[in-house]
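Each remark here refers to the structure printed beneath this line.
The values are calculated or read from the model by the stated rules, or taken from the named source; none is laboratory data. What you see is a predicted model, and the numbers here were worked out from it, not measured in a lab. Neighbour counts run over all protein chains shown; Cβ positions are idealised from the backbone, glycine included. With ligands, DNA and RNA removed, areas are computed over all heavy atoms of the protein, side chains included. Shrake-Rupley method; radii C 1.70, N 1.55, O 1.52, S 1.80 Å.
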Amino acid sequence: MSETSSPRCAFVGLGAMGAPMARHLAARGMLTAVWNRTRERAVALATELGVAAPTELTELAAAADVIFLCVSADADVHQVIAALLPGLRAGTLVIDTSTVSAQTARTAAAGLSQIGVGFLDAPLSGGVEGARNGKLSVMVGGSEGDLDR
């Protein structure tokens, strides 16, 4: 990603919060791909937004500079990151907007840093209405360099 171009973003987890967040990225021309455990949901949103809905998370990882996660539980974060790993490249940034334990965030950040991938723990406040209206508060933890990006 150059400093003058918008990052190519992908979104994982298209539930009540994730789908509206993905729509906001698409409205700004930043969204390239979406993925969801329920494939039909990903295909429907991808068709609506004109983006890709890869079947494998490795494909999604290869198509993005920034990958947002919005999943239900700690185990989901671990599973998604493990599935993304083969497609991730150094310089990619993973931003987890899920509400997970600090230990999950630390483990994810440590593992990803070993391959040159950044990680931000970014839980949200504002609920579904905030997601729909683009009015969420984000509490972010991670390296200053990743946050500056």
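Rounded to two decimal places and with Rh computed the Kirkwood way over Cα pairs, what is Rg over Rh for the chain? Dividing the radius of gyration by the Kirkwood radius yields 0.92.
Within the accessible surface of segment 1-139, defined with a 1.4 Å probe on protein heavy atoms only, the carbon and sulfur portion equals 54 percent. Starting from the Kirkwood Rh over alpha-carbon pairs, what translational D in µm² s⁻¹ does segment 1-49 have by Stokes-Einstein at 10 °C and 1.306 mPa s? The estimated diffusion coefficient comes to 145 µm²/s. Restricting the GluC sites (Glu not before Pro) of segment 46-79 to loop positions (DSSP other than H, G, I, E, B) with no more than 12 neighbouring Cβ atoms within 10 Å leaves nothing. Electrostatic tally near residue 86: other residues with Cβ closer than 12 Å to its Cβ, Lys and Arg +1, Asp and Glu -1, net -1.
Among 92-104, 9-21, how do they line up by average Cβ neighbours within 10 Å per residue, starting with the highest?
Numbers: 92-104: 19.7, 9-21: 23.3.
My ranking of the peptides, most packed first, is 9-21, 92-104.
Compute the whole-percent fraction of alpha carbon pairs in segment 66-149 spaced more than 17 Å apart.
More than 17 Å apart: 43 percent of the Cα pairs in segment 66-149.
At a threshold of 8 angstrom on Cα-Cα distance, excluding pairs fewer than six apart, so keeping six or more, what relative contact order does segment 43-125 reach in percent?
Taking the mean separation of contacting Cα pairs over the length of segment 43-125, I get 29 percent.
Label positions at residue 39 and residue 143, each projected 7 Å from the Cα along the C-beta direction, are separated by 3.6 nm. The residue among 105, 11, 26 whose Cα reaches farthest toward the positive pole of the charge dipole of the chain, with charges on the beta-carbon of Lys, Arg, Asp and Glu, is 26. Given +1 at the Cβ of Lys and Arg, -1 at the Cβ of Asp and Glu and no other charges, the dipole of the chain around its Cα centre is 280 debye to the nearest 20.
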